[in-house]
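Since the structure comes first, as structure tokens, the remarks are kept for the end.
Throughout, read-outs are computed from the coordinates displayed, never taken from laboratory work. From a predicted model like this one, the values you see are computed outputs, not experimental measurements. Glycine gets a Cβ as well: all are built from the backbone with ideal geometry, and neighbour counts include every protein chain shown.
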Amino acid sequence: MQSTSECAADLTVAELKEKLRSIGLKTTGKRNELVCRLLNADSSETCVREESEIQEILQETSKATSETNIPERSRDDTLMKRMDEFEKLIQVITVGIASMRQEFGNIQLAQSATKETEMLTRNKRADKKQVSRTQKTWNVSAIADYLAEFTGEFDGYDRWEKQLKLLKETYQLDEEETKRLAILKLKGKALEWFHSKPDHVAMSIDMLLQELESMYRHYPNTIVMRKKFESRVWNTTETFNEYAHDKVIMANKLSISEYELVQYLIEGIPDPNLRNQARLHKFKTRAEISEAFEDIMLRGPTISRGVRSSGDNIAVSSSRIRRDKEENYVVNR
């Protein structure tokens, strides 16, 4: 036969609430609280019932002793029998109370262990958040190396904002971290503008970017930019790779394809012989033409396109280009 605690432990939450409702007790709380409430009610009811039974036995015993018409031996036997039953009942009650106390103690220990577990879990989550916050602070400082400085140049805001948003998406930065990253990279006039108004500090990153855009975003004249790009030629004071580097940066602003860039790089070579030699090679990528002209340096003043050069003004090419030129001269003859 199952004890009261075992029966209560087998009940569902709905059944526990139904039993508590039937005896007029509260039905709110977690399952452990419902079980404890039902066990307390059962124990109280059991004690009342057992106390009532004891009172009945005592009344019957008193009644039996008061009856004078019953023989003395018979009364003694009845009294002894009642006393034995009374002692057995006392033993049962004592065992039941001890068992219930043990069960209540186990339930309290379980509840205490559950509370401690929940507290440890909350502490671990808090520690994890603190560690994550500290790590993200370090990451923002490290990520700042990947974002270019913005000094307030009128033609550089779009690229800077695009870089910032790409870093935010790549490293999953929140709004405050993105704002911190943006402020770290403001320099020169842009930084002076930021400090010129106290409200900028309290702005969200979206509002701050809107203010920066209204202040520094000016749509450049693409015609002027393309003319500047086309007029950039290879100078005698630089290597070919230095010339190509500047040309690539200007091409990126105009969204020039790599094939067009290679053609413009060739057109910017002032020496007609080297320019024609580059055309003969039919370079397809910037890497190919940069490798071919890596060892070539120009001498004398820069020669504009369309002007015939003398042998004294142009440097000797690398062995590879020189050999190609000689072979081309023989073929032309």
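Between residue 141 and residue 176, full extension at 0.36 nm per residue minus the direct alpha carbon distance yields a gain of 11.3 nm. A cut-off under 13 angstrom between Cβ atoms defines the neighbours of residue 109, and their net charge, with Lys, Arg +1 and Asp, Glu -1, is 0.
Exposure proxy for 125, 31: other Cβ atoms within 10 Å of each Cβ, ordered fewest to most, give 125, 31. Dipole magnitude for region 147-216: about 200 debye, using +1 per Lys or Arg Cβ and -1 per Asp or Glu Cβ, origin at the Cα centre. Label sites at residue 275 and residue 91, each approximated as a point 7 angstrom past Cα along Cα to Cβ, lie 12.1 nm apart.
Tell me which of 184, 167, 196 sits at the most positive position along the dipole axis of region 147-216, charges placed on C-beta atoms (Lys, Arg +1; Asp, Glu -1). Selected residue: 184. Each residue of region 160-177 is assigned a 3J(HN,Hα), and the resulting list reads 5, 5, 5, 4, 4, 5, 5, 5, 4, 6, 5, 9, 6, 7, 7, 5, 5, 5 Hz, derived from the Karplus form 6.51 cos²θ - 1.76 cosθ + 1.60 (θ = phi - 60°), x at Gly and Pro. Gain on full extension, evaluated as 0.36 nm per residue between residue 285 and residue 15 minus their Cα-Cα distance, stands at 89.4 nm.
What is the fewest-to-most order of 200, 195, 281 by other Cβ atoms lying within 10 Å of their Cβ? It would help to have the intermediate numbers written out before the result.
Details: 200 16, 195 10, 281 13.
So the residues, fewest neighbours to most, are 195, 281, 200.
Each Lys or Arg adds one and each Asp or Glu subtracts one; over the other residues with Cβ under 11 Å from the Cβ of residue 210, this totals -3.
I need 177, 258 ordered by Cβ neighbour count within 10 Å, fewest first.
If I rank by nearby Cβ atoms, fewest first, I get 258, 177.
Between residue 184 and residue 148, the modelled labels are 1.9 nm apart [label points 7 Å from Cα along Cα→Cβ].
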